[in-house]
Amino acid sequence: MASKVRQLDLAVSIGLMIPETVITNNPKLVLEMFSTHERIIYKALNGFVFPDQTGILTTEITREHVGHRSPAVERAPGIYQELIEKDYELRVTVVGDKIFPALVRTPKTGDASVDWRHAHFEDIFESCTLDQQIGNKLLHFHREAGLKFGAYDLIVDRKGQIFFLECNPAGQFLWLENSLGLPITDAIACQLCDLASS
């Protein structure tokens, strides 16, 4: 399930919290979000990659940005969400019914404070346990989406509330396996063996 819109809809339907979200190319609707939220982020609607293999990561926008660049907003629909003041983030890799959580100590300043991928070569990942209720909901999502593998991104705010951001059905994981000793490759191999024998 690569559609971020469908992902958000499914997450809500199974009881996961998501940030307040508007999917639009209408600058007026984006500006209206600033009446209830001080900080807003933009995410591309799909995982488009430019010829130089770069993409658009999650980016904080301002009211002035939207006002001065309304043609850019109108060019294509995007995902606009309230920026959650995070305590930390979670990267949860799910293979079949096995869950491999990792805690992300998100930097407090700079671009990586909005999107940890700006700091993915830094020592910001830790082993952790996952709340069982959240784990069950991710497994429910996994089954409903028809996935065998998924890399889930979650935010934990300063009150301890957990928000679903998205699931990458082809997410990278090897750096977590190497740094934290998570046996994700073994789980994938077992999953493939099970599929081959069924």
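The values are calculated or read from the model by the stated rules, or taken from the named source; none is laboratory data. The structure presented is a predicted model; accordingly, all values stated were derived computationally and were not measured. In this analysis, Cβ positions are derived from the backbone assuming ideal geometry, glycine residues included, and neighbour counts consider all displayed protein chains.
Numbers for the structure displayed
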item: Residue check, residue 82 modelled with pLDDT of 95 or more and farther than 28 Å from residue 177 by Cα; result: yes
item: Within region 85-117, considering residues that are basic (Lys, Arg) and at pLDDT 85 or above, the one surrounded by the most Cβ atoms within 10 Å (Cβ to Cβ); result: 91
item: Criterion: touching an Asp or Glu at 6+ places or on another chain (Cβ under 6 Å) and charged (D, E, K, R) - qualifying residue of 82, 64, 38; result: 82
item: Strands (runs of 3 or more DSSP E) within region 58-158 that include 3 or more residues within 16 Å of the chain's Cα centre (by Cα) and closer than 20 Å to residue 188 by Cα; result: 86-95, 98-104, 149-157
item: Residue match in region 2-22 (condition: β-branched (Val, Ile, Thr), in a helix (DSSP H, G or I) and loosely packed, with under 14 Cβ neighbours inside 10 Å); result: yes
item: When residues of region 106-122 are limited to those that are in contact with an Asp or Glu (Cβ under 9 Å, 6 or more places away or on another chain) and among the hydrophobic types (A, V, I, L, M, F, W, C), the one farthest from residue 154 (Cα to Cα); result: 119
item: Matching entry among 64, 85, 74, 126 (being out of contact with any Phe, Trp or Tyr (no Cβ under 6 Å at 6 or more places or on another chain) and free of Cβ contacts under 8 Å to residues at least 24 places away in the same chain); result: 64
item: Residues within region 145-170 that are surrounded by 13 or more Cβ atoms within 10 Å (Cβ to Cβ) and within 22 Å of residue 119 (Cα to Cα), tallied; result: 16
item: Some residue of region 171-191 being over 23 Å from residue 125 (Cα atoms) and surrounded by 15 or more Cβ atoms within 10 Å (Cβ to Cβ); result: yes
item: Cβ-Cβ under 6 Å pairs, at least 6 apart or on other chains, region 178-198 side closer than 9 Å to residue 95 by Cα, far side of a type outside the set (Val, Ile, Thr) and part of a loop (DSSP other than H, G, I, E, B); result: 184/173; 191/96; 191/148
